[in-house]
């Protein structure tokens, strides 16, 4: 079978970006396509993200830049797919690139066209609450940073072409259809927010103070229309009271969306908390049906929102809104505790659900995949990443509504799937850059070249650039200085290289924009010219000068000179640094032989790498062994056996049963672990480790557990499997979860209860089943089973922490609970009382965490590197996690994560060597006192204490692990550590020149 | 009002109209004394901001005369004058001033009599309208100043500058644009630029809230907020303070 080592990723949101980066890092060519002019998707519009309240753009921007700059990723923005022909391993995609009417090679993203365009259009990025021009850049951090002419709004006046100094405007550009040959396809087109204008009862579109949650997201954002202060759209006043209405367009069959969108409860709480932060004194109220805070540490967020931030929660579905004439306040009527109440609010936020993209039918036609009945990609429980067409995979919200970390995990998982069939083609289609030998600059007098950028008129319009160039020529060590219209353009790169050779430059300073986006480009230029890339420094005279002092030409020019002087001073002291190269052992250690561990092991082994799979128990399978029924109808036992069979028979997998880890040390690419079993000890060298140690079911102490007829859901399943047919069953949810001792939600129990209830109803339709719950958390498509259970007569009764059910044994079991509708106690005699027991972290977690120097969460699960964007990684490179070890989750989520962890691991395993940043810490061992303070402060475990010949303990930085943050440098009481590229001398030289400037 | 004598400013192009006025003199043709003539080289020089400025300062009428179409000394300068006059008309209307206070006509170097007739007719017309309300009504004055500021805006000037080309030769895509289409676009831009400049002027006198601006202008506060968003984007307006529940904005000095 022919295979092509390239993958087409459709959709450049966070999921598409993550999948692309994982594939590109693992040696595949990636085409990342987006129909928008920029990648980034919906996440770019979000203000903060739950549960950490991280700024969305701050955490996303590095990924955007990473995808934009990756040599193996080709961005195909403003492009749509027309057709996908061929088969797994060898597809031909027909794509249509829409006319952007701006030459991407020439456009520098300066934005002059947008500023001069006479036509205004609705700014979609700001959800219509601001205006943009017809020639526009969607948002300031856009990747690629290229303008686009919106032909639907453009009147063709020709002004942008006249003002564009880069001559990038091409009015006669036409749509181009072209073909790509790829091996696999990943679909990540994301979702679209539900449009509530069809629900006329909520007044959206009619009442200015009724907004959607996406609009509110922009209202909260500092880059949004109101600069982050919440204002009433009707009159610009500060609102006192904001209400959030949940489930708008979700859990609502009238609008065709029976499913739960899964994310709205959390984002509403986040928006409420942030709104209160932005507008002190604002009162936020959330009207909801079930509060679905089912994710990792989400319930803690819920508790904090209520207890610390004072967000008011009202359990009531509000049916309609009314505008108060005159004030334009919004009046809500609702039922609480059986009483009809009325209350008016300044702003009502409709927490809109997640719809599939409006063109998902066209997309599915073009790509040839089936959709499920909700219009999302059709997948199955045990194959959550696979579409109906082999070789076409899916991830993110298009697979089903989900939040960012779940999307990211799936994206990595899809990357693993997409690379499996083309693994033999790894590395064949990627570009390898060769650089000339580096010039030795040791002992050579610094000769600095200074390149000052006009950035069109962005800098030149404010700062007197020729004056800055003249000034630069007078600075000590400067051998050459010049100005460029755009220093970042390709022709300037060639010019810089020529100048380096012609003037024998050995340091380069670029005075332009921010190093955060442009330093890698200039560093590459230095390498191409035979200079060490660390002999480069930037002066940020745009973002931090001309843009912020637009009306102070002289002062801005003086400041620009000062910034150049500081940069030159530092440049003179810069030293070439070597990038450590790590050799990697292409072997993986997977700890835990449950569903997650086995899945990870297979993904890696299938791509040709050796795997050691360690399982503590005497057999593989973990918790999957206890699962007899799934709501989707598959047979979990069969799936288990298939997996065990494949793992056991795989030539690349060595299974270590009845084995535990005794010790592990080393670092990314080079770990050494000791395995112990009854058979003795084995030492395994491996390049990566995946922790998939699972979880255990809580053994309840409450509700008479242990008595005849009282059992956990697992135990019920086992009994049902043996033909147990109870007539009256009472299921009690949240046993050991969402309590004081364990605040978290175990995520799977609501669906588990519904599944087992349906199973009982199947064999015994007359059975009376009661589910006593706090919030039914059947998120996503699982809501359909909840509805089905209710339709089939399962009775759901909500209880509260203050008034929990009571289980008594009086010649049989009897459960007493308060019916919240009738508001009186009901007693239910039961054959079986089934407890939804919590999922607990594995008791081995602490030991393992110590060995790999990775942290645990407060609940005892493993704590990932970043809750939002690095759900499968640890801060310690080369160690990954998947499944219940990360937190409670469903089977399909475990599989997605496990495949994802494998993909993350494959980015390391697939490379014989890894080059890491050279700007790292270094210890002067003669000055080290061995106090270990550096070791304590290092977040990355990059410090090891080494005993020297005299028996003295000295600190040593493991260069392969050090990230160069410099915390140890600032901590060391002996001053024994230097930070490469940010040495004290270098920083001091900047300070001194900065002060000279002040004196002058 | 019988003793009211309007103050009228006339912009005359050097080559035709100014010569026509001279001819009226040489020919001793009599016309009212109300007109003060400003010589410009071409009627196309008459930036709409200039007449608007005069009107804001209290002039009762502004007339512009140029060469007849086809006779312009600068090829098509008078066509540009016509386009610019179109903007002037729109802005005068926006400001709520009577359209009869401005006029554009063509007078050749040989039309001394015609010149005198035009001046007489226009003077009568303006006299009939009475004194410029801007003198007594600060609202009208503010509107005219806003109109003047809008006329100085890049967006409007760029559009006017492109009008001739767009409606006669089509746009850069080779698509035709009718005068009606252009007028629709123009009207939209004039409306937004006028309102935004008006808001900015009001705020430069006194910081105000969105609601205050709404009361002052009679425009729905929701639309005012949209304009404030745009004005903040441009750096023309910023938050001044918060009074009670209302953020109060002020105009920024713009260089």
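Only the coordinates and a few stated rules stand behind these numbers; no lab work does. Everything numeric in this text was worked out from a predicted model, so none of it was measured. Ideal geometry is used to build each Cβ from the backbone, glycine not excepted, and the neighbour counts take in all protein chains shown.
Some notes on this structure:
- Residue with peak Gaussian network fluctuation, chain B [Cα springs, cutoff 10 Å], from B:88, B:225, B:104: B:225
- Once the C-beta distance of residue A:359 and residue A:457 is scaled by a Förster radius of 51 Å, the resulting FRET efficiency is 0.85 to the nearest 0.05.
- Efficiency of FRET between residue A:344 and residue A:94 - r from beta-carbon atoms, R0 60 angstrom, step 0.05: 0.65
- Inter-centroid distance (Cα atoms) of segment A:51-86 relative to segment A:882-923, Å: 19 Å
- Counting beta carbons within 10 Å around each of A:716, A:535 and listing the fewest first gives the order A:535, A:716.
- Label point distance in nm, residue B:154-residue A:152, each placed 7 Å from Cα along Cα→Cβ: 2.6 nm
- Antiparallel content of DSSP bridges confined to the protein assembly as shown, in %, to 5: 45 percent
- Counting Cβ atoms of other protein chains within 10 Å of each Cβ in B:223-231 and taking the mean gives 5.
- Segment B:8-134: antiparallel DSSP beta bridges as a percent of all, rounded to 5: 0 percent
- Note on segment B:153-251: Cα convex hull, mean projected area over all directions, 7.2 nm².
- With neighbours defined as other Cβ atoms within 10 Å of a residue's Cβ, the residues B:15, A:641, A:547 order from fewest to most as A:641, A:547, B:15.
- Packing-based order for A:347-360, A:64-77, using average beta carbon neighbours within 10 Å, highest first: A:347-360, A:64-77
- If the chain linking residue A:165 and residue A:432 were pulled fully straight, counting 0.36 nm for each residue of separation and taking away their Cα-Cα distance, it would gain 92.8 nm.
- R0 of 56 Å, Cβ-Cβ distance residue A:300-residue B:105: FRET efficiency to nearest 0.05: 0.10
- Separation of alpha-carbon centers, segment A:775-849 and segment B:15-64, rounded to whole Å: 89 Å
- Highest to lowest packing among B:43-54, A:918-929, scored as the average C-beta count within 10 Å: B:43-54, A:918-929
- Pairs of Cα atoms in segment A:702-856 fall into 10 Å distance bins, from 0 up to the last occupied one, in shares of 10, 38, 34, 11, 5, 1 percent.
- Within segment A:821-860: backbone nitrogen closer than 19 Å to the residue A:809 label point (7 Å, Cα to C-beta): A:828-837
- Most tightly packed first, judged by the mean number of other beta-carbon atoms within 10 Å of their residues, the peptides A:610-617, A:414-421, A:791-798, B:239-246 read A:414-421, A:610-617, A:791-798, B:239-246.
- On Cα atoms only, tilt of B:179-205 relative to the major axis of chain B in degrees: 60 degrees
- Choice from B:168, B:120, B:65 showing the highest fluctuation, given a GNM over chain B with Cα pairs closer than 10 Å: B:168
- Calculated SAXS-style log₁₀ I(q)/I(0) at q = 0.04, 0.06, 0.07 Å⁻¹ - chain A, Debye, Cα scatterers: -0.21, -0.49, -0.67
- A straight line joining the Cα centroids of segment A:228-266 and segment A:335-377 runs 11 Å.
- For segment B:8-134: rounded, prolate or oblate by the Cα gyration tensor [a/c cutoff 1.5]: oblate
- Shape class of segment A:219-264 from the Cα gyration tensor (axes a ≥ b ≥ c, square roots of the eigenvalues): prolate, since a/c reaches 1.5 or more and a/b is larger than b/c.
- Shielding value for A:233-242 is 6, the average number of Cβ atoms from other chains within 10 Å of each residue's Cβ.
- Candidates B:89, B:176, B:163: whichever shows maximal mean-square fluctuation once chain B is modelled as a Gaussian network with Cα springs under 10 Å: B:176
- Panel order for A:403, A:917, by other beta carbons found within 10 Å of each beta carbon, from fewest to most: A:917, A:403.
- Whole-number percent relative contact order across segment A:528-676, with pairs defined as alpha carbons under 8 Å at least 6 apart: 20 percent
- Helix-only CD estimate at 222 nm, as mean residue ellipticity for chain A, using -39500 (n - 2.57) per DSSP H run (n ≥ 4): -8000 deg cm²/dmol
- Peptide B:198-211 - average C-beta neighbours from other chains (10 Å radius): 1
- Between residue A:2 and residue A:722, the distance separating the two model label sites (each 7 Å from Cα on the Cα→Cβ line) works out to 5.8 nm.
- Three-way shape label, chain B, alpha-carbon gyration tensor, a/c 1.5: oblate
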